[in-house]
Structure formats: C-alpha cells, structure tokens
Amino acid sequence: SVSVPSCAIAAEKPETSAKASVLISADTGEIICSENFSEMLPMASTTKIMTTLLCLESGGLYDEFTVDSDAIHVEGSSMGLVDGDIVTKYALCVGMLLPSGNDAANATAVKLAGSQEKFAEMMNDKAAELGLSHTHFVTPSGLEGEGHKSSAYDMAMLAREALKNEVFRS
C-alpha cells in the first residue's frame, strides 16, 4: 500500500489535462503529488519503456541480425524498417524511444521471445519483479490490446527503473 500525500497548496500541483498523474522523487520513488495515481488506463507508447528495458538487459546490443518481416508490418509510428533490414538491438532501442517505432518494438519482441505473445509474458514477469501491481502488458508497442493497461504510479516507477540503465539514460 502506498501512502499518497495531497498537495498542500494548489500552486504546488502541476496543471495537467491527464486522467491520471503522479510526481515522484527520482531518488526514493516517494509520491510527491498525484491524481488518480493507481487507476489502470491504456498506456499507449509509454509501453516502449518496458520493451526497451528488456532489450537493453538482454545483452548483445551490437550483434547484427535480420528483422522478422512479419513483425515490422504494423500500423502507426515507425522507425522505417523494411523487409531484409539488418539491425542491432541498440538500433531497435533508439527506434523505439526516438520515433516511437512500433516496428522496432515488434521486431524486438520477436528477437527476444520468438513472438509478441511470449514477449508480453516476459514484460508481465518483469512488471511483477518490479512490483508494478497495476500493470498488464499485451503488446510490445502499446497499440490497442484487450487489457493492456497500467497506472500513472507504475509507469513512473518503471521509468525510474529504466533510468538506472546508463544506455537508456543516454
């Protein structure tokens, strides 16, 4: 159970149009201010924080391989992968974080787990390991998936964990 301080002075609370928000201490993870912090909502492309973290933790970041053709044919934002492209995991991480490439996320999932479904299991295992109790992953990219949701607090804690990784930070 997480205790939630409310902002004592209205001016302290950041203005946002978000349905849920949380401001945490990067050092401790302590909640400074929040609104609906534990409500499970679709997390869209912030999903790629977890996909990137798992990719970075898998090692062999600069080993080259050919992307899976089926994985890269996906709607939405893309890093521009085409059939036959030879990439590294590092390039896929950049492709997920900068242009929010759904193709990069799917290619990562297939490379690490053999399928997007098996990769979602890896994502959920990591979420459990990190104590993200209001999170359930279905896709590596954040595109619509039944039950693909997280809370503002869980995503803040995931980002806090990812930022401990030097490559992620850079």
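Build a GNM of the chain with springs between Cα atoms under 10 Å apart, and of Phe65, Phe37, Phe119 the one that fluctuates most is Phe65. Legend: P(r) of the chain from all alpha carbon pair distances, 5 Å bins from 0, whole percents, reading 1, 9, 18, 20, 19, 14, 9, 6, 3, 1, 0, 0.
Near the amide H of Ile24, within less than 5 Å, lie the amide hydrogens of Ile32, all on another chain or at least 5 residues away, with H placed in the peptide plane. One chain, two ends: Ser69 and Leu130. Fully extended at 0.36 nm per residue, the span grows by 18.8 nm beyond their Cα-Cα distance. Pairs of Lys residues in the chain are counted when their Cα atoms are under 17 angstrom apart and they lie 8 or more places apart or on different chains; the count is 11. Could you look at the chain and say what percent of its accessible area is carbon and sulfur, using a 1.4 Å probe and all protein chains? Heavy-atom surface of the chain belonging to carbon and sulfur, 1.4 Å probe: 50 percent. Mean-square fluctuation check for the chain, GNM, Cα pairs under 10 Å: which of Cys93, Cys33, Cys55 is largest? Between Cys93, Cys33, Cys55, it is Cys33 that shows the largest mean-square fluctuation. Largest GNM mean-square fluctuation across Val138, Val74, Val110, computed for the chain with C-alpha springs under 10 Å, falls on Val74. Accessible area per residue for the chain is 53 Å², calculated with a 1.4 Å probe on protein heavy atoms, without ligands, DNA or RNA. Using only alpha carbons, region 94-157 has a radius of gyration to Kirkwood radius ratio (Rg to Rh) of 0.96.
The gain in end-to-end length when the Glu146 to Glu121 segment is fully stretched comes to 7.6 nm, 0.36 nm per residue minus the alpha carbon separation. Taken over the alpha carbons of region 48-120 as equal point scatterers, the Debye sum produces base-10 log I(q)/I(0) values at 0.18, 0.24 Å⁻¹ of -0.56, -1.07. Extending 7 Å from the Cα toward the beta-carbon at both Glu15 and Leu98 defines two label points whose distance is 3.4 nm. The string of couplings for region 144-156 from the Karplus curve (6.51, -1.76, 1.60, θ = phi - 60°) is 2, x, 4, x, 7, 8, 8, 9, 4, 5, 4, 5, 5 Hz, one whole number per residue in order, with x for Gly and Pro.
The values are calculated or read from the model by the stated rules, or taken from the named source; none is laboratory data. Since the structure is predicted, the reported quantities are computational estimates derived from the model, not experimental observations. Neighbour counts run over all protein chains shown; Cβ positions are idealised from the backbone, glycine included. The area values use the complete protein model at the heavy-atom level, side chains included, leaving out ligands, DNA and RNA. Shrake-Rupley method; radii C 1.70, N 1.55, O 1.52, S 1.80 Å.
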